[in-house]
Amino acid sequence: NHSLKLALWEMSRNASLKAEKIADKQEKAKAAQEGIAYAEDCIMKTPEEAACYYYHAINTGIYYSAHVAGYQDGLKTMIRDCEKVISFNEKLDHGGAYRTLGKIYADVPETSFSKNGVVRDIERAVGYLQKAVALDNSYPENHIYLAGALLEAGRKKEAAGALSSGAL
């Protein structure tokens, strides 16, 4: 039955949700690879669907959290995916592309061994997370991640404000 068939992006999302729950790194990486494959198929078949790129980014992040080698390439892929999502539908998953970009720039190391590596940029992270909050002020994760980035930036009063506003 066609109506029961899940879209490829939904299959990618389900793979990411499954991967998130797996403790074993090899199994986690395998589940994320499955999600990446669904997302790549989704991108090939429906290149205008923002969710294809979003779940490609999410699964890529999960994969590299379990499989460190080559993670700079993974980060660059995630950034490109998030930029695509923003160009098609910036509101997807409560500003999820901005939230993901903010998390990337808040969480990566301050230095990189690769020449054009993605490095920590806390002010850039704050900017992306502020955009996520502006898109969906009622989504708690947007406020939590923004508060964390503001705290990292030494902006304690703003961090407290980010936590006390919105849906928390």
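In summary, the helical segments of the chain meeting the span-like criteria, namely a full DSSP H run, a Cα extent along the axis of 24 angstrom or more and a mean Kyte-Doolittle hydropathy of at least -1.0, are 25-45, 50-66, 71-89. For the stretch 114-168, the calculated P(r) over all alpha carbon pairs, in 5 Å bins from 0 to the bin holding the longest distance, is 4, 24, 28, 21, 11, 6, 4, 2, 0 percent. Taking a spot 7 Å from the Cα of residue 22 along the direction of its beta carbon, which residues of the stretch 64-89 have an amide N less than 19 Å from it? Label zone hits: 64-71, 74.
Using the rule -39500 (n - 2.57) for each DSSP H run of four or more residues, divided by the residues of the chain, the 222 nm mean residue ellipticity is -24000 deg cm²/dmol. Between the stretch 120-144 and the stretch 47-68, what is the C-alpha centre distance in whole Å? The stretch 120-144 and the stretch 47-68 have Cα centres spaced 19 Å from each other. The peptide list 100-113, 13-26, put in order of mean Cβ contacts within 10 Å with the highest first, becomes 100-113, 13-26.
Judged by the gyration tensor of its Cα atoms, with axes a ≥ b ≥ c, the stretch 3-133 is oblate; a/c meets the 1.5 cut and b/c is at least as large as a/b. No disulfide-compatible partner, judged by a Cβ distance under 4.7 Å, exists for the following cysteines of the chain: 82. When the charge dipole of the stretch 1-87 is built from unit charges on Cβ atoms (+1 for Lys and Arg, -1 for Asp and Glu) and taken about the Cα centre, the candidate among 62, 39, 7 whose Cα reaches farthest toward its positive end is 62.
Rule-based calculations on the coordinates, nothing more; no lab input. Computed from a predicted structure; not experimentally measured. Here Cβ is always computed from backbone atoms with ideal geometry, including for glycine, and neighbour counts include all displayed protein chains.
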